[in-house]
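Single-structure report; data block below.
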Amino acid sequence: MMQLTNINDRDVMVKSSKNTAAQILEALTGDILEGKYLPGEKLHIKALKERYEVGTSPLREALSQLITKDLVVSENQRGFYVSDISIDDLEDIYQARAKIEALCVEMAIKKGDDYWEANCLAAMHRLNKCSGAESINLREWQKRHSAFDSDLVAGCASPRLLQIRQSLFEKSTRYRNLWLKENVSNAGALGVNQQEHTALLNLALERNVKGATELVESHILTPVEIIKKALS
């Protein structure tokens, strides 16, 4: 009986450790994407342990996973650093995003059913409500914008493709935040952005593959030149 209790205790400890690593991974990912840690900044283990109230083992596990996400790099004998950003990386990520997004939209248009259409319409309504507010909450706008895009491509019904899309979306977030800071508070730019979303939804509901895929590629690539200026 004592042996069984020890095994169960160990299982609980392992599970707890994994949950802690998952939590720190989520928190660190969010903080890096939001710019709380700048590109090239060193991530000091002691400071991270204190900030996130976590042990060394789960913290290092989380950092290792961030390396696979290309958000953190490890230098021998020097520790962990936030991955740098560059114009070449920006262009590569956005070009890949545009192509993958267009493919997802194409497949969604061809395979999407009535439930897919209803979800897209509901997501657009929520985005319109947020965009039309007198004072725009950036975090809420991002959430609803992302939800609309996700609902639109969900009709492709390809878990592998959506996984690739999510990875590219995450990698682009640090760059995209530079554009958002310049444009979400700009009524003119936001109006154009919203018009493109509306046009994209209409094309998708009309099952216009060519029009929708061309528009979504153009829409995703729009911020690139603005972000380049921010990086210069």
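The values are calculated or read from the model by the stated rules, or taken from the named source; none is laboratory data. None of these values were measured; they are calculated from a predicted model. Neighbour counts run over all protein chains shown; Cβ positions are idealised from the backbone, glycine included. Accessible surface areas use protein heavy atoms only, side chains included; no ligands, DNA or RNA. Shrake-Rupley method; radii C 1.70, N 1.55, O 1.52, S 1.80 Å.
Which of E206, E170, E50 ends up with the largest GNM mean-square fluctuation for the chain, with Cα atoms connected below 10 Å? Result: E50 has the largest fluctuation of those listed. A 1.4 Å probe run over the chain, with the rest of the protein chains in place, finds 57 Å² accessible per residue. GNM remark for the chain: springs join alpha carbons under 10 Å apart, and the peak mean-square fluctuation among S57, S83, S131 falls on S57. Comparing I87, V72, A147 along the charge dipole axis of segment 31-188, the residue lying farthest to the positive side is V72, per the Cβ-charge model. Two decimals is fine: what is log10 I(q)/I(0) at q = 0.08, 0.17 Å⁻¹ for the chain, from a Debye sum with one equal scatterer on every Cα and no solvent? The calculated log intensity ratios at q = 0.08, 0.17 Å⁻¹ are -0.38, -1.24. A Gaussian network model of the chain, with springs between Cα atoms under 10 Å, assigns the largest mean-square fluctuation among H197, H44, H125 to H44.
What helices does the chain hold that run 15 Å or longer along their axis, going by alpha-carbon atoms, with a Kyte-Doolittle average of 0.0 or more, using DSSP H for the helix calls? Don't skip to the end; give the middle numbers.
On the way: long enough: 2-33 (46 Å, -0.05); 56-68 (18 Å, 0.12); 87-111 (36 Å, -0.02); 114-131 (26 Å, -0.48); 138-154 (24 Å, -0.85); 159-183 (33 Å, -1.06); 187-205 (27 Å, 0.43); 209-221 (18 Å, 0.48).
Long hydrophobic helices here: 56-68, 187-205, 209-221.
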